[in-house]
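In what follows, a single structure is set out as C-alpha cells and then discussed.
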Amino acid sequence: MRDFSQDHRWLSINTATVRKSRGQEVPLPEILDACARRGIRAVSPWRDQVAATGLAEVSRQVKAHGLALSGYCRGGMFTATDDGGLKAADDDNRRALDEARELDATCLVLVVGALPGALAGKAAHKNIALSRQQVHDGIGRLLEHSRAAGMPLAIEPLHPMYAADRACINTMEHALDVCDALDPLPRSGADPEGPPQAAALGVAVDVYHVWWDPKLREQIERAGRERLLAFHVCDWLTPTRDLLNDRGMMGDGVIDIPRIRGWVEEQGFEGYSEVEIFSAQDWWQREMGEVLDTCIARHRSSV
C-alpha cells in the first residue's frame, strides 16, 4: 500500500468539492489555478463547469498547468420513457465521451440513471427492471464509441438511497455483472499468460456509496486491476443531514478509508485518490483555499 503521509502526489480534486466558496459559485479556471498552486497534480471536472468556461479553454488550461484528469464527470442517465428520450441520452453520452477524450481523462464516469422523471419529483413508472435493461443497453451502445475513441467507461454504483432517482446500479456486484456481460475479459486472442488487458468498461469505486457492502472486498478482488478505473474518497457522517449534499471530509465520519484503499491497491490500482465532497452546509460555506488545504492534510492522514 502506498504511503500518502509524506506528500500529496496521488491526490486528485473532484471539482464539485470546491464548486462553491463561501456559498458562491467558483469558476472552473479559478479552481484549476488554486489546485496548481498547491501542487495538486490531478482533477476531475464536471461537465457543467467545463461548459461554463468552454471546452477548448479548459483543455488549454489543463495542459498549461500540467494537470492530469483522474476522471470526467459525468455520462450516464440512460433511462427514458420513449425512443426519442433514449436517443437523446445516447447523443449526450457520445458528446460527454468526446469531451473526456479532448481533456485526456482517465475515464468517463457513468451515473447510470434510474426511474425516468424521479429526479424531477415524479417517476414516470415503477418498473426498475425496465430501467436496468435500458441502462444495460445504453452502455452497450456507448461502448462502440468508447472503444473507437480509446476512452474507458467507469460505472459508478451509487448507494441504494439513490436507486429511484439517480442510479439503479447500486452494488459493485451489479456493476461488474454488467461489465462482464458487455465487455468480457480476457478478450478473444488475448494471451492468458501475458499482462492484463485494459478494460473498455470498468468501475469507479466511491467509498461513500459502497463502504457498507458486505461483499465489497470480494467484488474489488473480482474487478481486479483491469476494471478498477477510479477511486473516490470522502466520509459518511452520522447523522447525515442531507442525502445528497452532506458528505464529510475524510476522517470526520465512519468509513475506514485506508482499509478500502488497501483492498483496491492489492489489486494493482496505482491511480489517484479523488476527493469528491458535496457539502452545502459545511465545506461549500468555507473559503476554497481552506477546503483544498484540508483535503491535502486529510489525504495524508486519513486516506
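Things worth noting here:
- Just one of (1) surrounded by fewer than 18 Cβ atoms within 10 Å (Cβ to Cβ); (2) in contact (Cβ under 8 Å) with a residue 60 or more places away in the chain; (3) among the small types (Gly, Ala, Ser) fails for residue 36. It is (2).
Here's the yes/no breakdown for (1) at positive phi; (2) loosely packed, with under 15 Cβ neighbours inside 10 Å; (3) over 14 Å from the mean Cα position of the chain (by Cα):
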position	(1), (2), (3)
78	no, no, yes
82	no, yes, yes
104	yes, yes, yes
127	no, yes, yes
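- Among the residues of region 253-277, the ones that are under 15 Å from the mean Cα position of the chain (by Cα) and closer than 21 Å to residue 291 by Cα come to 6 in all.
- Checked against (1) outside any loop (DSSP other than H, G, I, E, B); (2) under 16 Å from the mean Cα position of the chain (by Cα); (3) more than 30 Å from residue 32 (Cβ to Cβ); (4) not β-branched (Val, Ile, Thr), residue 154 passes all but condition (3).
- Any hit, region 245-252, residues being within 26 Å of residue 176 (Cα to Cα) and either under 19 Å from the mean Cα position of the chain (by Cα) or touching a residue at least 12 places away in the same chain (Cβ under 8 Å) (or both): yes
- Cβ-Cβ under 9 Å pairs, at least 6 apart or on other chains, region 44-72 side among the basic types (Lys, Arg), far side surrounded by fewer than 16 Cβ atoms within 10 Å (Cβ to Cβ): 47/95; 63/104
- Every residue from region 22-33 that is outside any loop (DSSP other than H, G, I, E, B) and in contact (Cβ under 8 Å) with a residue 12 or more places away in the chain: 28, 29, 30, 31, 32, 33
- Only residues that are more than 18 Å from residue 154 (Cα to Cα), of a type outside the set (Gly, Ala, Ser) and not in a loop (DSSP other than H, G, I, E, B) were counted in region 121-132, giving 2.
- Residues that are surrounded by fewer than 19 Cβ atoms within 10 Å (Cβ to Cβ) and touching an Asp or Glu at 6+ places or on another chain (Cβ under 7 Å) within region 255-277 comprise just one, 267.
- Residue within region 231-251 that is among the hydrophobic types (A, V, I, L, M, F, W, C), more than 18 Å from residue 43 (Cβ to Cβ) and buried (at least 18 other Cβ atoms within 10 Å of the Cβ) present: yes
- Filter result for the condition that a residue is under 24 Å from residue 93 (Cα atoms), in contact with a Phe, Trp or Tyr (Cβ under 9 Å, 6 or more places away or on another chain) and of a type in the set (Lys, Arg), over 47, 60, 41: 47
- Region 278-297 - residue that is out of contact with any strand residue (DSSP E or B) (no Cβ under 8 Å at 6 or more places or on another chain) and crowded, with 16+ Cβ neighbours inside 10 Å and, of those, farthest from residue 36 (Cα to Cα): 283
- Residue match in region 1-9 (condition: polar (S, T, N, Q) and part of a loop (DSSP other than H, G, I, E, B)): yes
- Being out of contact with any Gly (no Cβ under 7 Å at 6 or more places or on another chain) and either modelled with pLDDT of 95 or more or within 29 Å of residue 291 (Cβ to Cβ) (or both) holds for only one residue in 109, 58, and it is 58.
- Hey, residue 264 assigned to a strand (DSSP E or B) and at pLDDT 95 or above or not: no
The values are calculated or read from the model by the stated rules, or taken from the named source; none is laboratory data. This is a predicted model, so every value here is computed, not measured. Backbone-built Cβ (ideal geometry, glycine too); neighbour counts: all protein chains shown.
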